Amino acid sequence: MDRSAPATNVHPNGEPVVRLEGVRKQFGKLVVLNGVDLTLPRGLTTVIIGESGAGKSVILKHIVRLLQPDGGAVYYEGERIDNLPERRLAKIRPDFGFLFQLSALFDSMTVGENVAFPILEHRQVTRREAVRRAREKLALVGLEGIEKQMPAELSGGQRKRVALARAIAQDPKLILYDEPTTGLDPPRADVINELILKLQHELHVTSVVVTHDMASATKVADRILMLYQGKIIYEGTSRSILEADDARVRCFVHGRAFEEDLQSLQGAR
Ligand SMILES: Nc1ncnc2c1ncn2[C@@H]1O[C@H](COP(=O)(O)OP(=O)(O)OP(=O)(O)O)[C@@H](O)[C@H]1O
Ligand SMILES: [Mg+2]
């Protein structure tokens, strides 16, 4: 795929895999999402950037129905899922592979058991087959032969890769990455970027990556969206976002403080 081509609003195979329409979510008095519209086009990697606390993880949780909106609607493959009964949801849940923000491995299980766990839980397969598939997924993320190790014995980068192997254990159609490179040094972060590209290429999945790591965002993205104060305020490509006119986007992308944050600092002096 030509990564420099403008991909904004490109839906190469018709209907987007996911569509959020006017999604609103608040926790108590805190309005986190205030009318979010977005699509995840088939086969592409969409990156969502935004400052800490902006609501990026909350968006991902709406896509996989870990959260339900207070207003608006969420569609998966054209079907409205935000109000779907649990029984129907159970059928589509295996389509989603979620790499959680804090890798969240089971510390009392071996690496192999961690990866085999979702396979055994959701599919009618023998333990032997689950172990075989777990080994296959670990190989895909470049971690052959560590099935017997415990998570505590691994580095942060390896733990992320094990969590990624577990996220793809059920051959998902949609992979959601929440801060996949946070806490990793630049070379290890880049291994994760390369894996995101590899999985998209080899598994033909649709992906959404939430991050505030701009190097990662521009490397893996076909499209970049920016969430700011509860709304998507920018949609563009890795190239176009670097030249965006919007001051809020420019500040974020180039790592400068937002004007209003500076003003509040001055006010606090
Ligand atoms: N289950 C919840 N109950 C109450 N408040 C919540 C809940 N989940 C998220 N929030 C609040 O919603 C806001 C957005 O949270 P979210 O985790 O989506 O931020 P984020 O953009 O992912 O930030 P970060 O980059 O730090 O991960 C935060 O203020 C958070 O405290
Ligand atoms: Mg988050």
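Data overview
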{"quantity": "Candidates per trypsin sites (Lys or Arg not before Pro) in the stretch 11-66, loop by DSSP, up to 14 other Cβ within 10 Å", "calculated": "Lys29"}
{"quantity": "Longest exposed-site-free window of the chain, the sites being GluC sites (Glu not before Pro) in a DSSP loop that have at most 13 other C-beta atoms within 10 Å", "calculated": "1-143"}
{"quantity": "Charge dipole (the chain, unit charges on Cβ, about Cα centre) - positive-most of Leu199, Gln266, Val111", "calculated": "Val111"}
{"quantity": "Charge tally in the Cβ shell below 14 Å around Ala163, where Lys, Arg are +1 and Asp, Glu are -1, Ala163 excluded", "calculated": "+2"}
{"quantity": "Charge dipole (the stretch 18-268, unit charges on Cβ, about Cα centre) - positive-most of Ala130, Ala244, Val32", "calculated": "Ala130"}
{"quantity": "Net charge contributed by nearby residues that have their C-beta within less than 13 Å of Cys251 (K/R +1, D/E -1)", "calculated": "-3"}
{"quantity": "Cα-based reach from Lys91 at 23 Å (exclusive), listing lysines while leaving out same-chain residues under 8 positions away", "calculated": "Lys61, Lys137, Lys173"}
{"quantity": "Area projected by the alpha carbon convex hull of the chain, averaged over all directions, nm²", "calculated": "16.0"}
{"quantity": "Lys/Arg +1, Asp/Glu -1 at C-beta; the chain dipole; positive extreme among Val209, Pro151, Ile233", "calculated": "Pro151"}
{"quantity": "The stretch 18-268: relative contact order as a whole-number percent, Cα under 8 Å and 6+ apart", "calculated": "25"}
{"quantity": "Helix-only mean residue ellipticity at 222 nm for the chain, each DSSP H run of n ≥ 4 adding -39500 (n - 2.57), per residue, nearest 500", "calculated": "-11000 deg cm²/dmol"}
{"quantity": "For the stretch 177-224 versus the stretch 73-116, the gap between their alpha-carbon centres in whole angstrom", "calculated": "19"}
{"quantity": "Anchor Lys231: aspartates and glutamates whose Cα lies under 18 Å away (excluding residues fewer than 8 positions away in-chain)", "calculated": "Glu21, Asp37, Glu51, Asp70, Asp245, Asp246, Glu260"}
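Rule-based calculations on the coordinates, nothing more; no lab input. Treat the numbers as computed from the prediction; the structure is a model and nothing was measured. Backbone-built Cβ (ideal geometry, glycine too); neighbour counts: all protein chains shown.
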